[in-house]
1. Considering segment 77-99 alone, what residues qualify as being within 15 Å of residue 33 (Cβ to Cβ) and either loosely packed, with under 13 Cβ neighbours inside 10 Å or in contact with a helix residue (DSSP H, G or I) (Cβ under 8 Å, 6 or more places away or on another chain) (or both)?
2. Can you tell me which of 82, 45, 17 is at pLDDT below 95 and in contact with a strand residue (DSSP E or B) (Cβ under 8 Å, 6 or more places away or on another chain)?
3. Which one of these does residue 52 not meet: (1) without any contact (Cβ under 8 Å) to a residue 24 or more places away in the chain; (2) in a loop (DSSP other than H, G, I, E, B)?
4. Out of 58, 66, report the one residue that is surrounded by 14 or more Cβ atoms within 10 Å (Cβ to Cβ) and either out of contact with any strand residue (DSSP E or B) (no Cβ under 9 Å at 6 or more places or on another chain) or not in a strand (DSSP E or B) (or both).
5. Test of understanding: among 45, 32, 17, which residue is on the phi > 0 side of the Ramachandran plot, touching a residue at least 12 places away in the same chain (Cβ under 8 Å) and surrounded by fewer than 19 Cβ atoms within 10 Å (Cβ to Cβ)?
6. When you check residue 40 against the structure, is it within 11 Å of the chain's Cα centre (by Cα) and not in a strand (DSSP E or B), yes or no?
């Protein structure tokens, strides 16, 4: 397991990027749960964020690709709008406890 951050470093409705062993990841907390994905758009294989740790649309209800505006559901990674509609972000398994948010490998 690799520790990503402390639980309080990812607030409700926020997103955050991480690099673990040259692997770019993104985490989002929604309804108290942490969702973790590989930070790579299925359309072009590029990173999603607008600015560091900025992965969400203006409403903070969807993950948005900065390059072409594709929108992804936070809880499943499914693309619901844009050139990669029907495809999904690659979900990764994570766990959270009092000591941190952890990437399971």
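The values are calculated or read from the model by the stated rules, or taken from the named source; none is laboratory data. Every value quoted in this text rests on a predicted model; they were computed, and no experiment measured them. With ideal geometry, Cβ positions are generated from the backbone for all residues, glycine too; neighbour counts draw on all protein chains shown.
1. 93, 95, 96, 97, listed by residue number.
2. On the way: 45 fails: in contact with a strand residue (DSSP E or B) (Cβ under 8 Å, 6 or more places away or on another chain); 17 fails: at pLDDT below 95.
It is 82.
3. Looking at each condition in turn, residue 52 falls short on (1).
4. Matching residue, one of 58, 66: 66.
5. On the way: 45 fails: touching a residue at least 12 places away in the same chain (Cβ under 8 Å); 17 fails: on the phi > 0 side of the Ramachandran plot.
Among 45, 32, 17, only 32 is on the phi > 0 side of the Ramachandran plot, touching a residue at least 12 places away in the same chain (Cβ under 8 Å) and surrounded by fewer than 19 Cβ atoms within 10 Å (Cβ to Cβ).
6. Answer is yes for this residue.
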